[in-house]
Amino acid sequence: MTDKYAVIGNPIAHSKSPQIHMEFAKQTNQDISYKAILAPLNEFEVTARRLIDEGYKGVNVTVPFKLQAFLLSNSLSPLAKAVCAVNTLILDRNNIQGHNTDGIGLINDITQNLNTKLQGKRILLLGAGGAAQGVLLPLWYQKPKQIIIANRNVDKAVELINNAQLTEPLLIQAYTFDDIPYEEFDLIINATSASLSGEQLSLSDILFNENTLAYDMMYGRETPFMQQARANGAKATDGLGMLVEQAAEAFYIWRNVRPQTAPVIAMLRNHN
Ligand code: ATR
């Protein structure tokens, strides 16, 4: 019997998740199917419950349903609970389990694929929406020296820090883009949604140098953020590796097998 999986989102047509998971399945000899499913904006729960009735074993959840997936879960992984967002569900009629693999995906891409350790490093996180919230704690667990969160609306950055409920002395600070203190940042992550619309962030060139890794969580094209980073001598990457790594973690949660990510990242880069 083929086990059924899917990704639910809106929009969903351009999702690479089916391709990624079917590559993982081929690689690890798992008998699964994986579909992209468009849920109407007000019908996430109806859609998830229909999939349970149809025998689906698990789903990935993408924009804009991660909070609704969190609310639907009967039990939560510690990280999903902490970030109040779920991107991976194990579907079981009696116990829907919610996980969040986004942050682990980012960390694995940076530390393993890009070979950049984060312990003792200075990190600038741009944005304070859902994407930033999903990665803040996993970044913190890497024991960086400092995390600065910059957002147009600084109150949201302050709220993000307060909600994270960190117990250790706060080396996380909130600023607007204009006030970011000049530091030698080792890593600058663009977790704003500005790249989606091709917008340039109003960031000073001085923040980037040849020791900086600039990471845009968006994937699929060279963004203005990546261009600015490269123009100032920094290394820059998009979030394709994060996408594949978060999928690998979800695949592991469902199948208890770890797929290799490097060939899948390479395949997606070559095909686009
Ligand atoms: P997501 O789930 O992708 O994080 P979101 O929760 O709507 O989406 O958050 C979008 C983030 O991108 C916010 O931090 C937003 O900044 P504001 O809170 O100040 O609105 C940020 N953002 C979007 N467009 C931006 C732009 N052009 N410049 C700077 N920040 C931008």
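Computed from the coordinates by the stated procedures, all read-outs in this text should not be read as laboratory data. What you are looking at is a predicted structure, and each value in this text was computed from that prediction instead of being measured. Using ideal geometry, Cβ is built from the backbone for each residue, glycine included, and neighbour counts are taken over all protein chains shown.
Details
- Label positions at residue 193 and residue 115, each projected 7 Å from the Cα along the C-beta direction, are separated by 3.7 nm.
- Cα lying deepest toward the dipole's positive end in the chain, options 211, 257, 63, charges on Cβ: 257
- Between helix 154-164 and the chain: long-axis angle, C-alpha atoms, 0 to 90°, nearest 10: 60 degrees
- Pairwise Cα distances in the range 115-272 exceed 25 Å in 31 percent of cases.
- Note on residue 211 and residue 267: the extension gain reaches 17.3 nm, defined as 0.36 nm multiplied by sequence separation minus the Cα-Cα distance.
- Against the rule of thumb 2.2 N^0.38 Å, how large the Cα Rg of the chain comes out: 1.00
- Annotation: amide H of residue 35 within the under-5 Å range of 5, 6, 7, sequence separation 5 or more or interchain, hydrogens built in the peptide plane.
- Note on residue 184 and residue 260: the model spin-label points, each 7 Å out from Cα along the C-beta direction, lie 3.7 nm apart.
- Per-residue Cβ neighbour rank within 10 angstrom, fewest leading, 197, 33, 202, 17: 197, 202, 33, 17
- Loop-located trypsin sites (Lys or Arg not before Pro) in the range 42-119, at most 15 other Cβ atoms within 10 Å (DSSP): 93, 117
- Label-point gap, in nm, between residue 227 and residue 141 - each point 7 angstrom along Cα→Cβ: 3.7 nm
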